[in-house]
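Asks: Have a look at this one.
The values are calculated or read from the model by the stated rules, or taken from the named source; none is laboratory data. Keep in mind that what you see is a predicted model, and the values were worked out from it rather than measured. With ideal geometry, Cβ positions are generated from the backbone for all residues, glycine too; neighbour counts draw on all protein chains shown. Surface areas here come from the heavy atoms of the whole protein model, side chains and all, with no ligands, DNA or RNA. Shrake-Rupley method; radii C 1.70, N 1.55, O 1.52, S 1.80 Å.
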Amino acid sequence: MKNIEKIKMEDMKVMMVFFSATGNTQKIANVIQQKLHELNVSVSILDITSYLSRKEEISISQYDAVIFGFPIYSMRAPRVCREWLQKLDGEGKKCSVFFTFGGFGKDPAHYYIKELLEKQNFKLVSTGEFLGAHTFNRSGWQAAEGHPNQSDFNAAQEYTIRTIKRFTGEDLNEIREFKKPIFSSNQLDQAEKYRFHLITQLPTRSNNSCSMCGLCEKMCPTNAMNMIKGIADVNSCIACFRCIANCPDAVLHTNDLSNTWTKKLELHKTTKEEINNLKSKIYL
Ligand SMILES: Cc1cc2nc3c(=O)[nH]c(=O)nc-3n(C[C@H](O)[C@H](O)[C@H](O)COP(=O)(O)O)c2cc1C
């Protein structure tokens, strides 16, 4: 293991890995990349959104530290990202994770990612959570509209500075303990399983003005979309809305979720204004 205590910023090699189905996480990753350049830190980027990119074997041997960026899906990093992480050896190196989320149930994400990364032999030094318009806004919700915005980008710059200080050893403090969530991993797995029955239906082609460009199939992060059938596979679709967001003919859709929006707010005992005014946060 390379000793990275008190390494100079300009000698540091960082890898940033992110998954972003509809672009929010990528926007934050771009801000972090820019800030790393300003700090003279060398950074390599790995986008693991595509199905094939997650099949490639990777090693972090040549890097001093890793930054991971994920959206929050059902209170945790997406299942496909957690599965990908389970194949990665952290080699005892420092890492940080930032999430984007639509304003609900984010605390378990921090706790469970720390647990997973430590199992993979990483040393987590910081996490961040940045507001991002909820994916389901495309189907009638109104959560965290307009995010990420300049205030989230400012928080992402601050996150980068604080994280690099932990990577270089200028800040030798350990990351805080996260409170154990009331939901176990098994309970969250169950909730995820029933999503298609309770909330969203499968992305489906709505009419015949499809130009059959095949982009939905090509871009699908889990190989779930079938352009001929015009519907995603129930066992592999993760409801990320990547196909819907990128369809040039706008013929893909899921069910209208506007009727579940009020129930969602009631369940979380909050309001649209409260959600939209939440602030992005850094955990050290
Ligand atoms: C399947 C699914 C589940 C989600 N679950 C949550 C959640 O539990 N809490 C939350 O605040 N946002 C949730 N979101 C919203 C996303 O975390 C948010 O919109 C994120 O910024 C999307 O990132 P991306 O644009 O990089 O894909 C969910 C989105 C999807 C698609």
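Asks: So is VAL125 away from the ligand (no atom under 16 Å from the Cβ) and among the hydrophobic types (A, V, I, L, M, F, W, C) or not?
Replies: Yes.
Asks: If you don't mind, there's one more thing I want to ask. If a residue must be within 21 Å of the chain's Cα centre (by Cα), closer than 24 Å to ASP47 by Cα and either open to solvent by 90 Å² or more (accessible area, probe 1.4 Å) or at pLDDT 95 or above (or both), how many such residues does the range 177-216 contain?
Replies: The total comes to 1.
Asks: Can you tell me which residues in the range 10-50 are of a type in the set (D, E, K, R) and within 16 Å of the ligand (Cβ to nearest atom)?
Replies: LYS27, ASP47
Asks: Can you tell me which residues in the range 140-188 are out of contact with any Ser or Thr (no Cβ under 7 Å at 6 or more places or on another chain), of a type in the set (Val, Ile, Thr) and in a helix (DSSP H, G or I)?
Replies: THR160, ILE161, ILE164, THR168
Asks: Considering (1) surrounded by fewer than 18 Cβ atoms within 10 Å (Cβ to Cβ); (2) in contact with a His (Cβ under 7 Å, 6 or more places away or on another chain); (3) hydrophobic (A, V, I, L, M, F, W, C), say which one ILE228 fails and leave the rest.
Replies: So ILE228 meets the others, but not (2).
Asks: On the given criteria, is GLY23 closer than 25 Å to GLU129 by Cβ and open to solvent by less than 10 Å² (accessible area, probe 1.4 Å)?
Replies: So GLY23 does not fit the description; no.
Asks: Please work out which one of (1) in contact (Cβ under 8 Å) with a residue 60 or more places away in the chain; (2) crowded, with 24+ Cβ neighbours inside 10 Å is the condition GLY105 fails and give its number.
Replies: Unmet condition: (2).
Asks: Still on this structure, please answer the following. Among the listed residues LYS55, LYS94, identify the single one that is open to solvent by 30 Å² or more (accessible area, probe 1.4 Å) and more than 13 Å from the chain's Cα centre (by Cα).
Replies: Being open to solvent by 30 Å² or more (accessible area, probe 1.4 Å) and more than 13 Å from the chain's Cα centre (by Cα) holds for just one of LYS55, LYS94, which is LYS55.
Asks: Given the conditions (1) open to solvent by 10 Å² or more (accessible area, probe 1.4 Å); (2) out of contact with any His (no Cβ under 8 Å at 6 or more places or on another chain), and given that HIS110 satisfies all but one, which numbered condition is not satisfied?
Replies: (1)
Asks: Being over 19 Å from GLY140 (Cβ atoms), out of contact with any strand residue (DSSP E or B) (no Cβ under 8 Å at 6 or more places or on another chain), small (Gly, Ala, Ser) and part of a helix (DSSP H, G or I) is the requirement here; does ALA191 meet it?
Replies: yes
Asks: If you go through the range 63-91 one residue at a time, how many are touching a strand residue (DSSP E or B) at 6+ places or on another chain (Cβ under 8 Å) and open to solvent by 20 Å² or more (accessible area, probe 1.4 Å)?
Replies: Counting residues in the range 63-91 that are touching a strand residue (DSSP E or B) at 6+ places or on another chain (Cβ under 8 Å) and open to solvent by 20 Å² or more (accessible area, probe 1.4 Å) gives 4.
Asks: Considering only the range 217-234, I want to know if a residue exists there that is assigned to a strand (DSSP E or B), without any contact (Cβ under 8 Å) to a residue 40 or more places away in the chain and either within 14 Å of the ligand (Cβ to nearest atom) or under 19 Å from CYS81 (Cα atoms) (or both).
Replies: Among the residues of the range 217-234, at least one is assigned to a strand (DSSP E or B), without any contact (Cβ under 8 Å) to a residue 40 or more places away in the chain and either within 14 Å of the ligand (Cβ to nearest atom) or under 19 Å from CYS81 (Cα atoms) (or both), which makes the answer yes.
Asks: A follow-up question, please. Just one of the numbered conditions (1) farther than 29 Å from ASN223 by Cβ; (2) more than 16 Å from the ligand (Cβ to nearest atom); (3) crowded, with 19+ Cβ neighbours inside 10 Å is not true of ILE7; which one?
Replies: The failed condition is (3).
Asks: Take the residues of the range 140-167 that are open to solvent by 50 Å² or more (accessible area, probe 1.4 Å) and within 16 Å of the ligand (Cβ to nearest atom): which is nearest to GLU266 (Cα to Cα)?
Replies: GLN142
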